[in-house]
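These notes concern the structure reproduced below.
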Amino acid sequence: GSRSAESPLSPARLSRLQEKEELRQLNDRLAAYIERVRALEADKSVLQQRLSEHQAGSDREMGCLRLRYETELADARRALDDIAIERATLQVELGKIGEEHRQLHVRNSKKESDLNVAQARVRDLDAQLNAKEADLATALNENRTLENELRELKDQVLSLNLSLEDTKKHLHSEMLRRVDLENHMKTLQEEMTFQKRLHEDELKETKRVHESRIAEVESGRQREFESKLSDALQGLRKQHEEQIQGYKEEMERTFSAKVENAQLTAARNCEFANAAREELMETQKRVDTLVSQVNQYQSQNVALESKIKELQNLLDYDRDLHRRRMAEKEEEMAQAQKQAQAQLEEYEQLLDVKLALDLEINAYRKMLEGEEQRLKLSPSPSSHRTGTQAASQGRRYLHGKKRKIKETKKREHSAALKTIQHVSATGNISIEEIDADGKFVRLKNHSNEDQSLHGWVLRRRIGSVADVNYKFPSRFTLQAGQEVTIWGAAAGVSPGPSDLVWRSQKSWGTGDNIGVTLITDDGEELAERKIMLVPREEESEQDDDYEEITGSEAEFASQTKRRRKKKCCLVS
């Protein structure tokens with residue numbers, strides 16, 4: 001009973017066992033901690049050794065990197081000097097090319113003067129040819145008129161000849177009638193003589209019969225019969241004589257009337273014939289004169305035609321000579337343009353190379369300055385000189401054949417914003433300037449000819465504000481090579497010959513995005529200029545105050561800037 005009572009553990013034994021277990025655990029933890037401390041100390045010594053080795057290696061790498069940077073910087077300086085020499089050479093060559101261009105321009109002006117002289121001569125020859133053609137046309141018209149008159153005169157002569165022939169025929173018929181009348185008169189005279197003889201014979205026979213009868217009649221009545229017979233004979237003789245005299249007078253009157261009519265007709269026909277003969281002679285003389293004039297005009301026409309042929313040959317020769325000279329001139333101009341284009345392309349390539357080298361040098365300079373600031377080294381004066389040379393850039397103009405696109409970047413005095421101007425022009429008139437305060441807009445005519453702006457408008461666009469149009473006055477003409485300024489009503493200027501005032505608007509407006517477009521009367525957008533205000537980047541402070549970049553140069557500059565940003569990020 002006492003063993004079973006002592007078998008359970010007493011509280012004191014349990015507390016000792018728990019303390020023993022806790023001490024064992026604490027000893028294990030202490031041993032692990034000491035082991036951990038020893039391992040950390042070993043790692044610390046290893047890391048210190050690696051740190052010392054790394055520091056020695058970094059010092060060696062820094063020295064190598066410095067030597068490499070100094071070597072590359074010297075190479076870059078030499079390259080920059082070479083580029084400066086090449087630039088000076090190119091400037092000399094550009095001066096030579098400019099002199100050649102001036103000489104070519106002088107030759108071109110001489111050729112143009114020769115061309116103008118030749119054209120004036122051609123115009124004079126054309127005027128002479130037109131005058132000769134007018135004279136020839138007048139002569140031909142006169143010739144046709146004379147030919148018509150000659151034809152009419154020939155018709156008149158023919159009609160006169162026909163009338164003369166009719167008159168001759170009538171005269172011949174009258175003469176035949178006269179002969180017939182004369183023959184009839186002779187026949188009547190013979191008949192009258194025959195009747196007279198017959199009456200005399202009858203009278204003799206009657207007398208003989210009466211005598212015989214009287215001889216037979218009584219002697220007493222013989223006297224009575226004789227007296228009666230003599231009276232009867234006297235009455236018959238008187239009656240026959242009266243009849244014969246009436247016949248004779250009637251025949252004489254008829255004959256004389258017919259003879260007078262025939263004489264009058266013959267005289268009239270003779271007068272007609274003489275008049276026709278005189279008119280025919282005059283017509284013949286006039287025809288001879290007209291024929292001589294026609295021959296003279298024909299000879300003059302032949303001479304004029306030969307002279308026209310000579311002038312035409314001379315004109316063709318002058319045209320061929322002018323065409324050959326123009327072809328030679330165009331070939332010379334094309335060759336000069338090719339040479340100028342080749343020089344311009346070479347100059348552009350050199351400028352691109354220079355820009356790329358300047359950007360690379362600027363990037364290396366920034367990296368070197370960052371390393372010098374990190375290593376707390378004094379900056380070398382050559383880096384400032386290189387930076388200054390890299391920051392100095394000139395303007396660059398590239399002209400296209402049909403469209404000129406410019407992107408102008410102008411630096412303002414404000415450190416927070418910068419102004420970008422976008423300009424485009426497809427014709428001879430461009431928008432030269434937009435005032436930042438909105439006071440005016442200036443246009444310029446770059447051609448050698450006057451340009452009428454009747455019906456043209458300027459469209460102003462400011463952000464989301466509705467567009468406003470300015471319409472040019474009617475009959476307004478922009479002179480060749482001149483400028484015109486369109487002022488707002490609030491500008492307070494007195495307009496001159498080259499100034500216009502927009503009465504309905506106080507100003508052209510201001511804002512972050514202003515655009516002005518020149519539109520023709522046909523609705524074609526001829527020129528445009530935009531002004532945009534954008535935040536200034538940190539690296540843009542080293543750009544030029546005024547740059548003009550287009551096309552591949554802007555893309556190359558943007559690529560180089562991105563590459564430079566990447567390098568700066570790597571350095572930092």
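Structure values in brief
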{"item": "Most to least packed among 510-523, 485-498 [average Cβ atoms within 10 Å]", "result": "510-523, 485-498"}
{"item": "Accessible heavy-atom area order of VAL287, VAL117, highest first, probe of 1.4 Å", "result": "VAL117, VAL287"}
{"item": "If the convex hull is drawn through the Cα atoms of the stretch 215-352, its volume per residue in Å³", "result": "193"}
{"item": "Per DSSP, loop GluC sites (Glu not before Pro) in the stretch 193-281 with at most 15 further Cβ within 10 Å", "result": "GLU218"}
{"item": "Mean accessible surface per residue for the stretch 167-256, computed with a 1.4 Å probe while every protein chain stays in place, in Å²", "result": "84"}
{"item": "Phi-based couplings in Hz for the stretch 506-515 (Karplus 6.51, -1.76, 1.60; Gly and Pro marked x)", "result": "5, 8, 7, x, 10, x, 7, 9, 10, x"}
{"item": "Neighbourhood charge, 12 Å Cβ-Cβ cut-off, centred on GLN293 and excluding it, Lys, Arg +1 and Asp, Glu -1", "result": "-3"}
{"item": "Of LYS338/LYS444; LYS168/LYS285; LYS354/LYS530; LYS154/LYS285; LYS204/LYS248, pairs whose Cα-Cα distance is over 20 Å", "result": "LYS338/LYS444; LYS168/LYS285; LYS354/LYS530; LYS204/LYS248"}
{"item": "Where trypsin sites (Lys or Arg not before Pro) fall in DSSP loop in the stretch 446-501, at most 15 other Cβ within 10 Å", "result": "ARG475"}
{"item": "Cleavage-rule hits (GluC sites (Glu not before Pro)) in the stretch 425-472: DSSP loop, at most 10 neighbouring Cβ within 10 angstrom", "result": "GLU449"}
{"item": "Positive minus negative residues near VAL484 (Lys, Arg vs Asp, Glu; Cβ under 9 Å)", "result": "0"}
{"item": "Long-range HN-HN contacts of GLN482 with modeled amide H, under 5 Å", "result": "ASN445"}
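The values are calculated or read from the model by the stated rules, or taken from the named source; none is laboratory data. Computed from a prediction, not measured in an experiment: that's the story for all the values here. Ideal geometry is used to build each Cβ from the backbone, glycine not excepted, and the neighbour counts take in all protein chains shown. Accessible surface areas use protein heavy atoms only, side chains included; no ligands, DNA or RNA. Shrake-Rupley method; radii C 1.70, N 1.55, O 1.52, S 1.80 Å.
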